[in-house]
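Here is the structure we will look at.
The values are calculated or read from the model by the stated rules, or taken from the named source; none is laboratory data. Keep in mind it's a predicted model, so treat the numbers as computed, not measured. Every residue, glycine among them, receives a Cβ derived from its backbone with ideal geometry; neighbour counts consider all protein chains shown. Surface areas here come from the heavy atoms of the whole protein model, side chains and all, with no ligands, DNA or RNA. Shrake-Rupley method; radii C 1.70, N 1.55, O 1.52, S 1.80 Å.
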Amino acid sequence: MEIDAFKKFIKTFIVIDDLDLELVLSRCKERQIPKGKMILKKGHIASQYYFILSGGVRFFYDTYTQENTTWVVFKNEFFTEISSLNPQKPSRFNIEAIEDTKMIVIDKKDMDLLYGYIPVWQEFGRKIWESMSVRMIDQILSFQTLSAEERYLEFMNNPELIQKVPVKHLATFLGITPNALSRIRKNIK
């Protein structure tokens, strides 16, 4: 059963008793998102948290000339559009399934309820956002300290990113043009 992956994920962060875990799971819904479908559109207010059971999504924003991918999330990752969800402000991003994606969804109101009723669930939330903050800091530092080729070589350590993200989206994620990415890939081979 796929919900077992979510249980296992939770237990990597906290020790939670079975009754509390069942309460958490009672607030979760499974959702199938087809490739190319938007999970959240720019200008809308985020109202849910997600855990990916299979598939992947990307965060992106539009400029006049292109879409810029800023974040990519895959199987066994927990995410939300936090800059919209917590202040309840319109999102600056679109979130799109980059392949058929199955996920667990928890509404914000349910997450808030769980935080209030299950003290260890607050610890889960804190640990999730701490690990997400580290990932964001690593990404910012990579942009500030590494060349485009060095960033690409780092991303090669994540086969899902290389295999599942289309080249044009991968290029904007790396902060370069698709042509520059092609040159980098050619030089590495």
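How many of the residues making up the range 1-47 are part of a strand (DSSP E or B) and closer than 14 Å to ASN94 by Cα? Matching residues across the range 1-47 total 4.
Answer with yes or no whether ILE140 is in contact with a strand residue (DSSP E or B) (Cβ under 7 Å, 6 or more places away or on another chain), of a type in the set (A, V, I, L, M, F, W, C) and modelled with pLDDT under 95.
On the way: in contact with a strand residue (DSSP E or B) (Cβ under 7 Å, 6 or more places away or on another chain): no; of a type in the set (A, V, I, L, M, F, W, C): yes; modelled with pLDDT under 95: yes.
Judged against the criteria, ILE140 is not a match.
Looking only at residues in the range 32-76 that are over 26 Å from SER133 (Cβ atoms) and basic (Lys, Arg), the one that is least open to solvent (accessible area, probe 1.4 Å) is LYS37. Only one of the numbered conditions (1) of a type outside the set (D, E, K, R); (2) touching a residue at least 12 places away in the same chain (Cβ under 8 Å); (3) farther than 18 Å from GLY125 by Cα is violated by TYR64, and that is (2).
Being surrounded by fewer than 17 Cβ atoms within 10 Å (Cβ to Cβ), assigned to a helix (DSSP H, G or I), of a type in the set (A, V, I, L, M) and at pLDDT below 95 narrows it down to one residue among LEU170, LEU153; which is it? Steps first, please.
Working: LEU170 fails: surrounded by fewer than 17 Cβ atoms within 10 Å (Cβ to Cβ).
Matching residue, one of LEU170, LEU153: LEU153.
Are any residues in the range 77-116 surrounded by fewer than 19 Cβ atoms within 10 Å (Cβ to Cβ) and of a type in the set (S, T, N, Q), and if so, which ones? Passing the criteria: SER83, ASN86, GLN88. The residues of the range 149-180 that are aliphatic (A, V, I, L, M) and under 16 Å from THR70 (Cα atoms), listed by number, are LEU161, ILE162, VAL165, VAL167, LEU170, ALA171, LEU174, ILE176.
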